[in-house]
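Inspection log for the structure reproduced underneath, given as structure tokens.
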Amino acid sequence: MFVVKLLPSTRLRLSSSSAASDVYNGQFFLFISIVGAMSCGGSKKAEQEALAQARRDSIALAKQNAIQPIQKKYGAILGIPPKKINNVPLFEFIDDWMNAPYKLGGNTKQGIDCSYFTQYIFHDVYGNLIERTAQKQFDAPDTNKFKGQHNLKQGDLIFFNNKGSERNEITHVGFYLGNNRFVHSTSRRGNSGGNGVQISDLTKQPWKRMFVAGGKKPKFSNNTTEN
């Protein structure tokens, strides 16, 4: 802030209204000059701060849009571009459980069955507690069942049995990820040579033959890519 003072020894004699006007105009010009200088300085500072903020925003956006290693990993497994792996918490959960062995009735990383695994996905990733067994998940009133593998979207449950028929008991359940891939815990050996939590291809046998129906659970936050 600038303060302008007239020294005590300063004396102004105004002999006419014209002189008074000249003094007033001079003081006004001085005031405008000071305010202008202050405004210019403030504007420059604001401009510098705006540029700095723009740089910070640009860096933050670049970090946000950067492809994470887990997106690259599961993009390759699912055969889709890494940027489409946009539900990172889901794939972090899957990665944490990957290759955990299968155990009927098991609910830990030392052994887990299919329906406990899908129950954990819905609870830990989406905050929704679903039914305990594959049959109960299939029969639940809020499970919107549908035929046709082409109708599957990420987040859907997939139900199986040996006959591929609703007339028989549902014996297995998985969680659809996209591009015909689903994650599940199974007693069958996968590509890694072991059983348990793995990602399988729905177009391959025996899953294609055993497929009964898909099922949508409406009461969870589906912020995932639909494939």
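Rule-based calculations on the coordinates, nothing more; no lab input. This one's a predicted model, so the numbers in the text were calculated from it and none came from an experiment. So basically every Cβ, Gly included, is an ideal-geometry build from the backbone, and we count neighbours across all protein chains shown.
Odds and ends about this structure:
- Selection count, the range 88-103, where residues are surrounded by fewer than 17 Cβ atoms within 10 Å (Cβ to Cβ) and free of Cβ contacts under 8 Å to residues at least 24 places away in the same chain: 3
- The residues in the range 165-178 that are under 21 Å from Ile199 (Cβ atoms) and in contact with a strand residue (DSSP E or B) (Cβ under 9 Å, 6 or more places away or on another chain) can be counted, and the count is 8.
- Of all the listed residues (Lys109, Lys147, Lys136, Lys163), the sole one being under 27 Å from Ile70 (Cα atoms) and among the basic types (Lys, Arg) is Lys109.
- Boolean, Ile112 is of a type in the set (Val, Ile, Thr), in contact with a Lys or Arg (Cβ under 9 Å, 6 or more places away or on another chain), in contact (Cβ under 8 Å) with a residue 40 or more places away in the chain and surrounded by 15 or more Cβ atoms within 10 Å (Cβ to Cβ): yes
- A count restricted to the range 150-171 and to residues that are within 12 Å of Gly215 (Cα to Cα) and surrounded by fewer than 16 Cβ atoms within 10 Å (Cβ to Cβ) stands at 2.
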